[in-house]
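Written out below as structure tokens is the structure these notes cover.
The values are calculated or read from the model by the stated rules, or taken from the named source; none is laboratory data. Here the structure is a predicted model, which is why all the values come from computation and not from measurement. All Cβ positions, glycine included, derive from the backbone under ideal geometry; neighbour counts span all protein chains shown.
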Amino acid sequence: MQTVKIKMQNEKLKQIRQAKHLEYGSFSENMDSIGRAWSSLLGMKNNLPGHVVANMYVIAKLIRTRGGYKQDTYDDAANYLYQAEQMQRTKEWFEQDIEPDPEPDEEDLAMARRNLKDE
């Protein structure tokens, strides 16, 4: 039963990531852009890597939980953490010999569009 529950949660999170990709574009490109902007704003010599920006969003989501329970907040935090891991793996894949998860393909995006219409 627990395995089924985990698979359902993973699928739900995947659908959220796909919907966000449709709405906002590439997660990693957006996090990298935010990292460059924040670094510039703070006068930093080096840019914040995108995965660090995503981890900062995880922290923000966790702080938000102090105001009360909201499933969406936990879903967002889980997705930010997942994608931060994927971004860092991509950056360091050659050191760890790990293939990162790809961006959603056209089939995944079409399924996400159908799911959005059904909601």
Tally, over segment 57-73, of residues that are surrounded by fewer than 16 Cβ atoms within 10 Å (Cβ to Cβ) and in a helix (DSSP H, G or I):
10
Evaluation of Ala77 against (1) loosely packed, with under 15 Cβ neighbours inside 10 Å; (2) within 27 Å of Arg114 (Cα to Cα); (3) out of contact with any Asp or Glu (no Cβ under 8 Å at 6 or more places or on another chain) (one fails), failing number
(1)
Is it the case that segment 91-106 has a residue that's at pLDDT 70 or above, within 18 Å of the chain's Cα centre (by Cα) and more than 16 Å from Ser26 (Cβ to Cβ)?
yes
Could you run through segment 40-51 and say how many residues are surrounded by fewer than 17 Cβ atoms within 10 Å (Cβ to Cβ) and in a helix (DSSP H, G or I)?
3
Restricting attention to segment 42-79, the residues that are farther than 25 Å from Thr90 by Cβ and either touching a Ser or Thr at 6+ places or on another chain (Cβ under 8 Å) or of a type outside the set (Phe, Trp, Tyr) (or both) number exactly 11
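Assess whether Lys20 counts as being at pLDDT below 95, on the phi < 0 side of the Ramachandran plot and basic (Lys, Arg). It would help to see each step written out before you state the result.
Numbers: at pLDDT below 95: yes; on the phi < 0 side of the Ramachandran plot: yes; basic (Lys, Arg): yes.
Considered against the rule, which asks whether it is at pLDDT below 95, on the phi < 0 side of the Ramachandran plot and basic (Lys, Arg), Lys20 comes out as yes.
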